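Scroll down for the structure; my scribbles are underneath it.
The values are calculated or read from the model by the stated rules, or taken from the named source; none is laboratory data. Values in this document were obtained by computation on a predicted structure and should not be read as measured data. So basically every Cβ, Gly included, is an ideal-geometry build from the backbone, and we count neighbours across all protein chains shown.
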Amino acid sequence: MASTALQLFSMLISSFVVVQMAMAGNPDILSDFELPPNVTNLDGSFFTFTGLRALVGNPVPSAFKASKISMAEFPALNGQSVSYAVLQFPAGTINPPHYNSRATGLLFLLQGTLQVGFIDTTNKLFTQTLQAGDMFIFPRALVHYQYNPDPQKPALAIAAFGSASAGTVTLTNNLFTSGIDDNILALSFKTDVATIKALKDGLAPKP
């Protein structure tokens, strides 16, 4: 009887741990903030990020640009379960299909128009056309995209994430620039190797 109760208790504890791990975005920290080993003189500058100053007043880039503010760029985010990205969309550009493996994303459109969408695990597509001032949520680890359909005007958005490192994976790069054999890709997409090579050439960095 005692051993059965102990087994049941152990199972309950294990289940609780699994549930907590599944729910957690980032592990909780046991202090107010985490300091990198090289920080010895702590002041307000550690909690300040100035890397976006270059965006203010500068012209729109010629291609889609995502400026990330994650733990890698801003070490003060370590343990805080939050990060940002500023998304700049010149006319007619796209943030191609991707997913964030470690975070839900909340997008706020500041300027322009965006067509957005995500695909859930039943393969259903949810789309919306956003106007400036609108917000849209992208659930964690679901494939999604954003597209500026305006042929003349740019769009500007801020994305907030529930992790200090959202773990963004862009599908085109992940599939076509990661070294997967061309024959495997051709079979997967029911096409030929020449088409796969053309796709890879189109995704290769321009000199």
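So the values come out like this:
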| item | result |
| --- | --- |
| Single residue of S15, S31 found to be surrounded by fewer than 16 Cβ atoms within 10 Å (Cβ to Cβ) and either more than 27 Å from A141 (Cα to Cα) or modelled with pLDDT of 95 or more (or both) | S31 |
| Failed item in (1) free of Cβ contacts under 8 Å to residues at least 40 places away in the same chain; (2) under 18 Å from the mean Cα position of the chain (by Cα), with N123 passing the rest | (2) |
| Region 122-163: number of residues that are closer than 25 Å to P61 by Cβ, in a loop (DSSP other than H, G, I, E, B) and of a type in the set (S, T, N, Q) | 2 |
| Number of the exception - L110 against (1) without any contact (Cβ under 8 Å) to a residue 40 or more places away in the chain; (2) of a type in the set (A, V, I, L, M); (3) touching a Leu at 6+ places or on another chain (Cβ under 6 Å) | (1) |
| Every pair of residues 6+ apart whose Cβ atoms lie under 9 Å, when the first sits in region 186-205 and is over 11 Å from F176 (Cβ atoms) while the second is surrounded by 14 or more Cβ atoms within 10 Å (Cβ to Cβ) and of a type in the set (D, E, K, R) | V193/D182 |
| Some residue of region 136-156 being out of contact with any Leu (no Cβ under 6 Å at 6 or more places or on another chain), without any contact (Cβ under 8 Å) to a residue 24 or more places away in the chain and among the acidic types (D, E) | no |
| Any hit, region 96-107, residues being closer than 19 Å to A160 by Cβ, touching a residue at least 60 places away in the same chain (Cβ under 8 Å), aliphatic (A, V, I, L, M) and out of contact with any Gly (no Cβ under 8 Å at 6 or more places or on another chain) | no |
| Conditions (1) under 17 Å from T168 (Cβ atoms); (2) among the aliphatic types (A, V, I, L, M); (3) surrounded by fewer than 16 Cβ atoms within 10 Å (Cβ to Cβ): number failed by L52 | (1) |
| First in region 59-74 and closer than 14 Å to Q88 by Cβ, second anywhere and at pLDDT 95 or above and charged (D, E, K, R), Cβ under 9 Å, 6 or more apart | S67/E73 |
| Flag if E73 is modelled with pLDDT under 90 and either basic (K, R) or farther than 22 Å from P139 by Cα (or both) | no |
| Residue match in region 164-184 (condition: small (G, A, S), modelled with pLDDT of 90 or more and part of a helix (DSSP H, G or I)) | no |
| Any chance V39 is farther than 21 Å from F161 by Cβ and either surrounded by 14 or more Cβ atoms within 10 Å (Cβ to Cβ) or β-branched (V, I, T) (or both) | yes |
| Residue check, Q80 touching a Phe, Trp or Tyr at 6+ places or on another chain (Cβ under 8 Å) and in a strand (DSSP E or B) | no |
| Residue that is over 16 Å from H144 (Cβ atoms) and either charged (D, E, K, R) or not in a strand (DSSP E or B) (or both), where the choices are S31, S67 | S31 |
| Matching residues, region 91-111, being over 19 Å from the mean Cα position of the chain (by Cα) and either hydrophobic (A, V, I, L, M, F, W, C) or buried (at least 19 other Cβ atoms within 10 Å of the Cβ) (or both) | A91 |
| Index of the failed condition, F118 passing every other in (1) at pLDDT below 95; (2) over 11 Å from the mean Cα position of the chain (by Cα); (3) of a type outside the set (S, T, N, Q) | (1) |
